[in-house]
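The values are calculated or read from the model by the stated rules, or taken from the named source; none is laboratory data. Remember, predicted model here, so these are calculated numbers, not experimental data. Neighbour counts run over all protein chains shown; Cβ positions are idealised from the backbone, glycine included.
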Amino acid sequence: MAKEERAAGAQQVKPRPSTRDLLLQVTQQEISEHGFNGVSLRSIARRADVDPSLVRHYFGSKQNLLANAIRTEIDPRALADEVLRGTPRAVGRRVVKALLGYWDDPGTAPMLLAQLSATLNTETAADAAVEDFLLTFLGAVADAVSPDHQELRASLAAAQVIALAFSRHLIKDPVLAACGQQEVVRIVGRAIQRLAPGNWRPRPSLLVAQQAPGPAHARHQPVHQFVVGEVVVVRLLVTLRAVLGGRPLTGGALAG
């Protein structure tokens, strides 16, 4: 019996990651905590408890290490296929549930959150996180269930879920962080549902801006630039909540 328990215990011990994997994990943590530009090779080596020369041995340069740390192997189109299984009436909830499943999972969260954090500092990371992953994922969903303006609907939905990820996981707003996953799925899923197959219609001014002549990058403001503004607002709200002693941020509280 004792031998069986020891054998079971031995099986439960997780193997130590390779030095290369360890460096990637530590880099992801450093990016999430200090930003893409706040990471140094010394801090990575110190946190991983390895010689700094090993970073260059495995990755050649800091830029190559950072690029590998924020690279995702999740196929956005395959994820869209999973979300689209089922009734269109619940696709909004399934979108949020799928993303929270990755952001809340200790195995995938560090890489994805490091990628999101890096979007504020580098256009390459922003393209990888927003254009290549989120908009591809949400664009495929919108193409399948939205009646019109699929690209605009996908961009607006992306802004919603990116703001959720920043607030809940990076800024760690105490209210959102404490909120259960099912409740977040229910509330945010309702907003995504309205944007995807719902009865929302864009104002004519938005359509005029989209159809204006000129290069595509001039007509469409990148989603990551919009998110910067949302993050600033969230930071202000978190600061106000602390100043007000945790009281709800109602109009009366702000006025008083």
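What to note about this one:
- In summary, helices (runs of 4 or more DSSP H) completely within region 115-205 and bearing 3 or more residues that are over 13 Å from the mean Cα position of the chain (by Cα), over 19 Å from Thr72 (Cα atoms) and of a type in the set (S, T, N, Q) occur at 181-195.
- Considering Leu84, Leu120, Leu112, Leu66, the condition of being on the phi < 0 side of the Ramachandran plot, among the aliphatic types (A, V, I, L, M), at pLDDT 85 or above and out of contact with any Leu (no Cβ under 7 Å at 6 or more places or on another chain) is satisfied by Leu84 alone.
- Looking only at residues of region 87-100 that are of a type outside the set (Gly, Ala, Ser) and in contact with a Leu (Cβ under 9 Å, 6 or more places away or on another chain), we find that the one that is farthest from Asp143 (Cα to Cα) is Leu100.
- Check on Asp51, in a helix (DSSP H, G or I), free of Cβ contacts under 8 Å to residues at least 60 places away in the same chain and not aliphatic (A, V, I, L, M): no
- Scope region 78-114; condition over 25 Å from Leu22 (Cβ atoms), of a type in the set (Val, Ile, Thr) and assigned to a loop (DSSP other than H, G, I, E, B); matching residues: Thr87
- Some residue of region 152-169 being assigned by TED's automatic domain parsing to the domain that holds Leu99, at pLDDT 90 or above and among the aromatic types (Phe, Trp, Tyr): no
- Hey, Ala118 small (Gly, Ala, Ser) and surrounded by 15 or more Cβ atoms within 10 Å (Cβ to Cβ) or not: yes
- Test: residue in region 101-114 that is among the polar types (S, T, N, Q), surrounded by fewer than 18 Cβ atoms within 10 Å (Cβ to Cβ) and either in contact (Cβ under 8 Å) with a residue 12 or more places away in the chain or within 21 Å of Arg71 (Cα to Cα) (or both): yes
- Cβ-Cβ distances below 6 Å connect the following pairs, each with a first residue in region 154-169 that is at negative phi, a second residue that is modelled with pLDDT of 90 or more and buried (at least 21 other Cβ atoms within 10 Å of the Cβ), and a separation of six or more residues or different chains: Ala154/Leu138; Ala154/Gly139; Ala154/Ala142; Ala157/Leu138; Ala157/Ile192; Ala158/Leu138; Val161/Leu99; Leu164/Val188.
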